[in-house]
1. Restricting attention to region A:337-354, report how many residues are assigned to a loop (DSSP other than H, G, I, E, B) and either over 18 Å from A:E178 (Cβ atoms) or in contact (Cβ under 8 Å) with a residue 24 or more places away in the chain (or both).
2. In region C:43-85, which residues are part of a loop (DSSP other than H, G, I, E, B), touching a residue at least 12 places away in the same chain (Cβ under 8 Å), of a type in the set (K, R) and facing chain A (nearest Cβ under 9 Å)?
3. From the list A:G401, A:G420, which one is under 16 Å from A:G186 (Cα atoms) and away from chain B (no Cβ under 12 Å)?
4. Inside region A:461-501, can you point out the residues that are among the acidic types (D, E) and either within 27 Å of C:V50 (Cα to Cα) or within 12 Å of chain C (Cβ to nearest Cβ) (or both)?
5. State all residues of region B:59-84 that are among the aromatic types (F, W, Y) and more than 7 Å from every other protein chain (Cβ to nearest Cβ); if no residue qualifies, say none.
6. Go through region C:522-558 and count every residue that is assigned to a loop (DSSP other than H, G, I, E, B) and surrounded by 15 or more Cβ atoms within 10 Å (Cβ to Cβ).
7. Given (1) in contact with a Ser or Thr (Cβ under 9 Å, 6 or more places away or on another chain); (2) among the hydroxyl-bearing types (S, T, Y); (3) within 14 Å of chain B (Cβ to nearest Cβ), identify the lone condition not met by A:T335.
8. Is there a residue being assigned to a loop (DSSP other than H, G, I, E, B) and either closer than 21 Å to C:R421 by Cα or not assigned by TED's automatic domain parsing to the domain that holds C:I435 (or both) anywhere in region C:451-474?
Amino acid sequence: MKIHNFEQFEEQITKNQDIFKEEVKDNKKVILICGDSGCVANNSLKLKEKFDLLINQKNLQDRFLVKLTGCFGFCSKGPFVKIMPDNVTYHKVKEQDIFEIFESHLLNNVIVERLLYNKTKDISLIDFYNKQKKIALDGCGVIDPHKIEECFAIKGYTALKRCLSSLTSLQVIEEVSESGLRGRGGGGFPTGKKWLTAYNQQNEKKYVICNADEGDPGAFMDRAILEGNPHSVIEGMIIAGYAIGASKGYVYIRAEYPSAVKKLEKALEDAYEYGLLGQNIMGTNFSFDIEIRLGAGAFVCGEETALIASIEGKRGMPNAKPPYPAIKGLWGKPTIINNVETFANLPFILKEGGVERFKSVGTEKSKGTKVFALAGKVNNIGLVEVPMGTTLRELIYDIGGGIANDKEFKAIQTGGPSGGCLTKEDLDTPIDFDSLLAKGSMMGSGGIIVMDEDNCMIDVAKFYLKFICEESCGKCTPCRIGTTRMLELLEKISDGKGEESDLEELDKLAHYIKKASLCGLGQSAPNPVLSTLDKFKEEYLEHIKEHKCRAKVCKSLIKYHIIPEKCHKCGVCARFCPVYAISGTVGKEPFEIDPEKCIKCGLCMSNCAFKSIEKTTGGENND
Amino acid sequence: MISSKSKEEIYNIIEKRKNMETPLMMILSDIQNKFGYIDLEVQQIVAEALNIPVSEIYGVVTFYSYFSLKPKGKYVISTCFGTACYVKGTQGIIDEFCNKLKIKPGETTEDGLFSIDILRCVGACSLAPVVTVNGKIYPHVKIADVDKIIKEYKDKEVLMNENS
Amino acid sequence: MINIKINNKEYSFEEGLTILEACHKVNIDIPTLCHYKDLVQSGNCRVCLVEVKNNRNYVTACNNKIYEGMEIFTNTLEIIEARKKSLELIISNHSLECLNCSSNQNCELQALTKKLNVTERYHGQKTETTIDDLSGILTRDTSKCILCGRCIEMCKKVQGIGILDFENRGLKTIVAPVANKSFKDVPCTYCGQCTKVCPTGALTVKENIRDLLVALKEGKHVVVQTAPAIRAALGEEFDYPIGTNVEGKMVSALKQIGFSKVYDVNFGADLTIMEEATEFIERYTKKENLPMITSCCPGWINYAENYYPDLLNHLSTCKSPHMMEGAIIKSYYAEINNINKEDIVVVSIMPCSAKKEEKDRNDNDVDIVLTTVELANLIKLFGINFKDLEDEKFDNDLLGDFSGAGVIFGTTGGVMEAALRTAYYSLTNQEYEKISFENVRGSEGIKEASLNINGNEVNVAVVHSLSNASKVLDEIRNGTSKYDFIEVMACPLGCINGAGQPKITSSKLETKEKDNILFNTYKRAKALYDEDKKMNIRQSHNNPQIKELYSKYLQYPHSPKAHELLHTSYSKKDKKII
């Protein structure tokens, strides 16, 4: 199976071209189930088991094939079951639906209408997918990541072949520069420029590192790519190695992603077996190895120098730059570090004509697409890939289907703990590196959280800052102590003890921390505070002056209250109260909450069947 | 004291990884996965095998949240605290678990049955808020579900004790 | 050359300098806190911030190199504010118990807060405090630690041990031995070099002044002996320039404090040489347990017992000089003066923290060990105006004479040179003509020399700092060592730079000298070599009172009596931490 020259590689591509058609010839059907961690969490493996069981019982193995794929993207409507070649996709499939699909669709060709999303058989036609464009996610949800042959079927590794057979290292770098590709990890540094620096270093040993330590809470783009089509990342890394003159690559991936690690391991094995990794790739002089290194739960290790320290077996504490890793990186050798999505873009760019195709997507300074994990209070939660320049409005309303539960949109947060919150006024901002930065947020790695009226912006700022305090490596003063002092000021405000001068102090500390911190984590740590201070100052002032939390989140500023007229005197609330703060007589007296005892856990309210309990804040209903 | 069998397993892990450059993180991950914790005695073994000061290994173990110094409870309740889960109210759920089990995140109940972990994002944002117990996933958890989840495992224990 | 602008003024510098180094060269002061040349240049503390044109963020001067066309601003209002903020945050997580701190007025952080006019501004959560004083030698107080990491680098890189490291992360980060254990529960050598580089009072040498005051009060016969390195450094505590020999004033002060006798450990050093040179010649002739390694340095002994227990037979069995002298005081001296041994209290003034631990070994005769810094404090405590003191001489009865060979014990290479002077004489029956052995002098980490003594080729090495020691020890282990005799001192530069000596910090040095801490410390060695040069007697075997001691009491080197009093044994220590 080992590929010894370009011809043999082309043979493989040709041979596997019709692999999907082969599977469904003679009336055979293929059942595709999303095997991404998100859907697995929603029981999708059970669905496969159930199908297999039914098929085996009836001895129909030669007619039906059940396969697990990567992420379909539309996670909130998962798990998905797609029947090929009929191209019918069922959503929110539960274990008990399998029998019906099997009997009705598979055996009798009758579509199960009730499981269609919006009565649409071909799910790719719905709004959610309409405005998307797949480059980095190419193959995700289509191929079985365990089968490299299916990757060949979608022309996997042909960009590598093109590089090795017809481009010099420098030409590869030129094409990457020409494409305008910028780092997808958050910073947006031009990839070609980074590579060129490393290329120019005279050193026997150089390294390529893939940063898969996705630490932004609420983001899972990289994981989904690695689980959906790990070969695109592997191919990208090999190309990078060829371009800069490295013979070894490392994938630094979170140990918390066991499933992605497993799929990556399998993909690496396959690539070695076909000779796409290892000595003399496709018979050329170029050799490249890839090894997996596990991260162990430290957000700061997304920072390049900290990541390197971690691979080197040290505490993941960043080091001062310069020297930059491209000059002095892993074990002191020139090293390029790119993020998963960046690598996944390369096979597209480096195919014949890829540069032009890539450049045609996106805006002037931000080319191509960006993958986002869209989550929070939108209707459609999932993994999306949109052309750069798509507006936030399109993302939230057209793709995301608007705000869930008829609530009012309040803010959209991009860039994770390093980013900021944008408001209604910013909705027409095109998504690209520079526009988001100009608005006080940043692209980040791709986490997008939508917030509604029930989210308190002071609490949101607290959430991110707390995250930073916990994830600060502890090395430099501003980040280690400064962020804690900021958090304490925020806590003071959310406790209703804030003063107006605290806002000034927050602002001062924030600007100091931004400019004085050692690494990117500290330098961006105050962003969530600064952006909320800027866009939601009113809410801060309300907390301070009126002791009011309009979202009714800050515990010190809210009260739970039973509306006597609505109380059914059932006493359920009293039973749920963990601190016995509710008293009353069943059937006789309306129940009452003792505000002194109440710990504001909200259990009474969530358990009241008659919605007789309300939350108040800032002097509303202050009886 | 660790058993000689565990010791052997640790040596096997070290042996397997020893030839890669700077293998410390990989060895620690393997040990964490195998035993669920990395205590001082184990760190001492690794320190000697790799000729690294044990203080340095301890520094590494206490830096990364994935590593733990002590064994965790029989049932590890992991609450996702990614942003998507946060905006949908994870804090209340964590508070409720702590309240009910009378421990703080990162701690284990006295009977060794439960520990509460806070995870940074399990990547199942569409199911937010998410809680997992020993890998079993509970999607869209509400505060009122907390009691039920704890009870599920307490009942399981009772059943197991009766059977044995 | 690189052309840059600092505060709008143009300068040219050679390539490769940091902003800080460049500024120092032209006398521009930039405050630093965590920075320690050659040890820590990590930019942790964010005090040495400067502004650089076209740079979005502030830049740390300590670890950013200058480049052509760079424009640096070191004292804009904004940068002064930023530096202050860094300090304000540091002290918001710092114990402000300065009055109770043994580093009070000897603290780089304290000096800096004064210089930058910083007071307490933020209040809030602090890192949980651990205070470890269980060892009785070194004290660690995390509430005073600023996480500069100097001690970690010192212990790991310079001493090659790695007792200390960072633990936890974020605000919970501390510097500690493994699992925040006490020094007494980990294989620490007590060299105390960590305390020497600590900018605050987070790591200190435990004080024993109270013990001395009690002994004096009880009216005991208190005999004091001062190590050679003391005289070369004590003056710094009284504002004398580094490298001033204040022997006369020191003796005078000790007499005023009320010691019954004031002796010099140099006598003990001469005695050590008599025993050690004899031991060496014996081993060298028999080719037994070679190379022989000196045993004066207790930090080194602890290191050997913990980390190279298989090589303990290479160590000289000689006790260290002050222990020998203590043994003689409690035997010979006691007998002749007719004083009950139990009524004598022997006090050693040492440049060293490990000596405090050495006195607790089972065969000891020294009761109290004070450091140079403690002596200075004692002198101040007694209201003695040190600078105005008349020079006085050590007591000269019985144990008062000493040779130049004893004096140079205080610096790296000194013991070796002293031993060679006597060994040469023993083997050739004549004095070495040039007297001094220049090859073993200097601040180089590993020095070696080859001597032809009477047709015998003797190869010697002198190493200081334990990481250098481990290099020559590994050679012995591998069987590739070419040496016959090795001197090991645990501290870089030897005793002159021991943990009991006054700290030399960059803040005490002139702007242009700030990056030359070791170079400045080595000035102390020069004070000792100068004294040696001036002495009439330069070899231990020519010390008349040593001769008398042997003829009247010990008989001859390595006599049974000498063995009983002056030699010791070593044992393997279990360095396991659990």
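The values are calculated or read from the model by the stated rules, or taken from the named source; none is laboratory data. Quantities reported herein were computed from a predicted structural model and do not represent experimental measurements. Using ideal geometry, Cβ is built from the backbone for each residue, glycine included, and neighbour counts are taken over all protein chains shown.
1. Residues in region A:337-354 being assigned to a loop (DSSP other than H, G, I, E, B) and either over 18 Å from A:E178 (Cβ atoms) or in contact (Cβ under 8 Å) with a residue 24 or more places away in the chain (or both): 3 in total.
2. Correct list: C:R46 only.
3. Details: A:G401 fails: under 16 Å from A:G186 (Cα atoms).
None of the others qualify; the one that does is A:G420.
4. Residues of region A:461-501 among the acidic types (D, E): A:470-471, A:488, A:491, A:495, A:499-500.
Answer for region A:461-501, where residues must be among the acidic types (D, E) and either within 27 Å of C:V50 (Cα to Cα) or within 12 Å of chain C (Cβ to nearest Cβ) (or both): A:E470, A:E471, A:E488, A:E491.
5. If the condition is that a residue be among the aromatic types (F, W, Y) and more than 7 Å from every other protein chain (Cβ to nearest Cβ), then B:Y75 is the only one that fits.
6. Of all residues in region C:522-558, those assigned to a loop (DSSP other than H, G, I, E, B) come to C:522, C:535-539, C:543, C:555-558.
Then keep just the ones that are surrounded by 15 or more Cβ atoms within 10 Å (Cβ to Cβ); that gives C:522, C:535, C:537-539, C:543, C:557-558.
Within region C:522-558, residues that are assigned to a loop (DSSP other than H, G, I, E, B) and surrounded by 15 or more Cβ atoms within 10 Å (Cβ to Cβ) number 8.
7. With respect to (1) in contact with a Ser or Thr (Cβ under 9 Å, 6 or more places away or on another chain); (2) among the hydroxyl-bearing types (S, T, Y); (3) within 14 Å of chain B (Cβ to nearest Cβ), A:T335 is out only on (1).
8. Start the filter on region C:451-474 by keeping residues that are assigned to a loop (DSSP other than H, G, I, E, B), which leaves C:454-455, C:465.
Then drop every residue that is not either closer than 21 Å to C:R421 by Cα or not assigned by TED's automatic domain parsing to the domain that holds C:I435 (or both), which leaves C:454-455.
There is at least one residue in region C:451-474 that is assigned to a loop (DSSP other than H, G, I, E, B) and either closer than 21 Å to C:R421 by Cα or not assigned by TED's automatic domain parsing to the domain that holds C:I435 (or both).
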